[in-house]
Amino acid sequence: MSESGSTSYDGFLSYSHAADDLLAPRLQSGLQRFAKPWWKRRALHIFRDEASLSANPHLWSSITDALDDSEWFVLLLSPEAAQSEWVNREIDYWKEHRDPHKILPVVTDGEFGWAGDVAGDAVPASLHGVFEDEPRWVDLRFARTETQLDLRHARFRDAVADIAAALRGVPKDELESEEISQHRRTIRTAWTAGAAILALGVAATVGAVVAYGAQQDAQAQRDQAQQERDRANVLAEQEAVARSDAEHQGAIAEQERDRADAEATQARDNAAEAERAASEARARELAAAALLNLDSNPERSVLLALESTMAAAGSDRVLTEPVDALRRSVAASRIVLRVPGGELVAYSPDGSLLATDVARGDVAIWDAETGQQLSLLASRERRPAWRAAFSPEGNHLAVSYLSEEGQAGPLVVIWDVSTGEEVMAFESDGFNEANSVTFSPDGSLVAAQASGGAATAVIVWEVASRAEHLRIEY
């Protein structure tokens, strides 16, 4: 449990590696992706030892830290888990330190039942006597015989929805409705992004480079179509010869024309089918390439997925691969935070804070991870805030101001970041606005590029005394 009382993980995944080493990571992935907004990294934060622990000689202490920081205990039950020393230790620790009612059994193999207490060969000894009534549990035993488990698998998706509903504390049908809404929102966002990227012409360029293999297949299809067209031309020539002999063989010529027309139509149909097949092949190749770039280069993945949807337009059938690739690539985009701002933006030295101008003369301080506004630096003169710089410690922010419509005021103001209060202001005769500002590495000096009339200078002040330390005019 963290000092603030909140938990870092929505669920702790306890399981036997011997039994569920393949199922556990797929279940973790499904829970983290189910009903996930496209702009979030995951819907739920699930702890799984091999995925969440780095190399650590103090393994048990790391496990107990994770248990303390987890809201739910998701227990994968199997005969192997019932005999596992680690699984029983984790259950004992949870019973002693956390809420036993937040143990969620998930049966992956063996027998599990209720007869006044949990029973069956899948039940660890430490689980006996925990529940007063029959607990809510999820049956995943069917997954033992499945080779492809993800959210496209109907039964697996339903089981994931059961578990996610318990962890998130919402009804299952409401959570499934949210999953559908997020999927539709992702599709709309993907098409919007696609229109912008297509306008820049980037998708076609990247797609041409990475889809060489698909182009080879498409070229083969086009060659076949050309052969069909050549055959149609030959038939047309034969038809012309037959017509020239019409005076002597009128009846035979008529039959030849009919036959030639039928074969030409078939040739055109074959050519159209070849073009469609080429479009589908290219679309699938591009979709596959987009998924290959999903983790290493999400931006390229989006471009490839968009090119795949363009290629799919050449088919009269609905292809699922391009749409799926576009949805997944947009979901993996790297946009993590959006806050309002204009000309001014500055990060604190440790990257935890972000400063932006939000109104005339006003500067807001934001939490750079969550986007929450922490304080507002409101200027009394209402002059435009132009540039800003954090002090080396990150507790103060120096802001430079421009002059408009004859307004006068300090060139630079230093603010207390946590309280939003003005700490000190700096002025200099003959100058009425500052274009930039910065602190010295030790924070004892602050410098600004100042303007006044036709004069420009770099002015340096001592922070402690507010006295002008240096002026370089040019």
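More than 18 angstrom separation, counting every C-alpha pair in region 371-474; what % is that?
The share of Cα pairs beyond 18 Å in region 371-474 comes to 43 percent.
Length gain on complete extension for the stretch residue 276 to residue 425, per 0.36 nm per residue less the alpha carbon to alpha carbon distance?
Between residue 276 and residue 425, full extension yields 46.6 nm more.
How large is the Kirkwood hydrodynamic radius of region 110-184, counting all unique pairs of alpha carbons, in Å? Numbers along the way, then the final one.
Details: mean 1/r = 0.0691 Å⁻¹.
One over the average 1/r among Cα pairs gives 14.5 Å for region 110-184.
So what is the relative contact order for the chain, in percent, with contacts set as C-alpha pairs under 8 Å and at least six apart? Kindly include the intermediate steps, with their values, before the conclusion.
On the way: 856 pairs, mean separation 37.9, N = 474.
After rounding, I find 8 percent.
Semi-axes, largest first, in whole Å: what does sqrt of 5 times each Cα gyration tensor eigenvalue give for the chain?
Semi-axis lengths for the chain are 58, 47, 16 Å.
With θ taken as phi - 60° and the coefficients 6.51, -1.76 and 1.60, list the Karplus ³J(HN,Hα) couplings across region 230-241 in order, rounded to whole Hz; mark glycine and proline as x.
Computed from phi, the couplings for region 230-241 are 4, 4, 4, 5, 4, 4, 5, 5, 5, 5, 5, 4 Hz.
When only the heavy atoms of the protein chains count and the probe is 1.4 Å, how do 101, 469, 248, 153 rank by accessible area, highest first? Each step should come with its number before you reach the end.
Working: 101 130, 469 100, 248 150, 153 35 Å².
Descending accessible area places them as 248, 101, 469, 153.
Return the calculated 222 nm mean residue ellipticity for the chain, to the nearest 500 deg cm²/dmol, obtained by summing -39500 (n - 2.57) across DSSP H runs with n ≥ 4 and dividing by the residue count.
On the way: 13 runs with 203 residues, N = 474.
Helix-only estimate at 222 nm: -14000 deg cm²/dmol.
Over all pairs of distinct alpha carbons, what does the Kirkwood formula give as the hydrodynamic radius of region 19-137, in Å?
Computed over region 19-137, the radius equals 15.3 Å.
Give the Rg/Rh ratio for region 286-444, taking Rg as the radius of gyration of the Cα atoms and Rh as the Kirkwood radius, to two decimals.
1.24
Starting from one equal scatterer on each C-alpha and no solvent at all, send me the Debye-based log10 I(q)/I(0) for region 218-309 at q = 0.17 Å⁻¹, two decimals.
Log10 of I(q)/I(0), two decimals: -0.76.
Given the whole protein assembly as supplied and a 1.4 Å probe, what does the accessible area of residue 400 come to in Å², nearest 10?
Approximately 0 Å² of residue 400 is accessible to the 1.4 Å probe.
Ignoring ligands and nucleic acids, what accessible area does residue 150 show with a 1.4 Å probe (Å², nearest 10)?
We get 40 Å² for residue 150.
Straight-line reach only, C-alpha to C-alpha below 12 angstrom: list the aspartates and glutamates that residue 95 could link to, leaving out same-chain residues fewer than 8 apart.
The reachable aspartates and glutamates, counting only those whose Cα sits under 12 Å from residue 95, are 68.
What residues have an amide H closer than 5 Å to that of residue 379, excluding those fewer than 5 places away on the same chain, when H is modeled at 1.01 Å from N in the peptide plane?
362, 363
Nearest 20 debye, what's the magnitude of the dipole of the chain about its Cα centre given +1 on Lys and Arg Cβ and -1 on Asp and Glu Cβ?
My answer is approximately 700 debye.
Spin-label point model (7 Å from Cα, Cβ direction): what's the residue 244 to residue 440 distance in nm?
Going from the residue 244 label point to the residue 440 one covers 10.0 nm.
What does the charge count around residue 452 come to, taking other residues whose C-beta lies under 15 Å from its C-beta (Lys +1, Arg +1, Asp -1, Glu -1)? Walk me through the intermediate numbers first.
Values: positive: 383, 471; negative: 404, 427, 429, 433, 468, 473.
Within the 15 Å Cβ shell, the charges total -4.
Quick one: compute a quarter of the convex hull surface over the Cα atoms of region 352-410 and quote it in nm².
Details: hull surface 16.2 nm².
That works out to 4.1 nm².
For an R0 of 45 angstrom, estimate the FRET efficiency from the Cβ-Cβ distance between residue 42 and residue 216 and round to the nearest 0.05.
The calculated FRET efficiency here is 0.75.
Leaving out ligands, DNA and RNA, what percent of the accessible area of the chain is carbon and sulfur, probe 1.4 Å? Spell out each step's value before the answer.
Values: 12160 of 24680 Å².
On the chain, the fraction of accessible area on carbon and sulfur atoms equals 49 percent.
Please compute the contact order of region 363-449 in relative form: average sequence separation of alpha-carbon pairs under 8 Å and at least six residues apart, divided by the residue count, as a percent.
Relative contact order comes out at 25 percent.
Of 311, 244, 363, which is farthest along the charge dipole of region 243-387 in the positive direction, counting Lys and Arg as +1 and Asp and Glu as -1 at C-beta?
Of 311, 244, 363, it is 363.
The values are calculated or read from the model by the stated rules, or taken from the named source; none is laboratory data. Please read these numbers as outputs of a predicted model, since none were measured by experiment. Backbone-built Cβ (ideal geometry, glycine too); neighbour counts: all protein chains shown. The area values use the complete protein model at the heavy-atom level, side chains included, leaving out ligands, DNA and RNA. Shrake-Rupley method; radii C 1.70, N 1.55, O 1.52, S 1.80 Å.
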